[in-house]
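Here is the structure we will look at, set down as structure tokens.
Any read-out appearing in this document is the output of simple, stated calculations on the displayed coordinates, not a laboratory observation. In this text, all values refer to a predicted model and were calculated from it rather than measured experimentally. As a convention, Cβ positions derive from the backbone with ideal geometry for all residues, glycine included, and neighbour counts pool all protein chains shown.
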Amino acid sequence: MIDPFGVMMICRQRQQRIDIMSRFHGYRTCTTCEEACTQHNFVDHDGKRFCTACWIAKENPKHDGIDEIRASNKENANKWKRQKQSRTDGPQPVGPQPVRKK
């Protein structure tokens, strides 16, 4: 059984263990086209990760919008890669500051 965050929960029987899914989805790629997968643009099936375009091409090869979906996935992956921050880009947020009553 997997909780909403994708962490595997230990089951009573060893045969019922389900493969875990990483919490941070941006590190894995599609097993078919090797494109980076971002949130909501992939399907995990039998331990393999497929982007939505490859999954649709596998399940329904006559679908009209496969090329548009593939272009959208590439655009989303490039946008996600630009959004990542590093310490050289600027200071990281420090979180909420304590409020002191005077």
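Using the Cα centre of region 29-82 as the reference point, and only Cβ charges (+1 on K/R, -1 on D/E), how large is the resulting charge dipole? Debye, rounded to the nearest 20.
Taking the Cα centre of region 29-82 as origin, the dipole is about 220 debye.
How much length is gained on full extension from H40 to K62, taking 0.36 nm per residue of separation minus their Cα-Cα distance?
That pair, H40 and K62, stretches by 5.7 nm at full extension.
Give me the Debye-computed log₁₀ of I(q)/I(0) at q = 0.20 Å⁻¹ for region 29-82, equal point scatterers on Cα only, no solvent, two decimals.
-0.64
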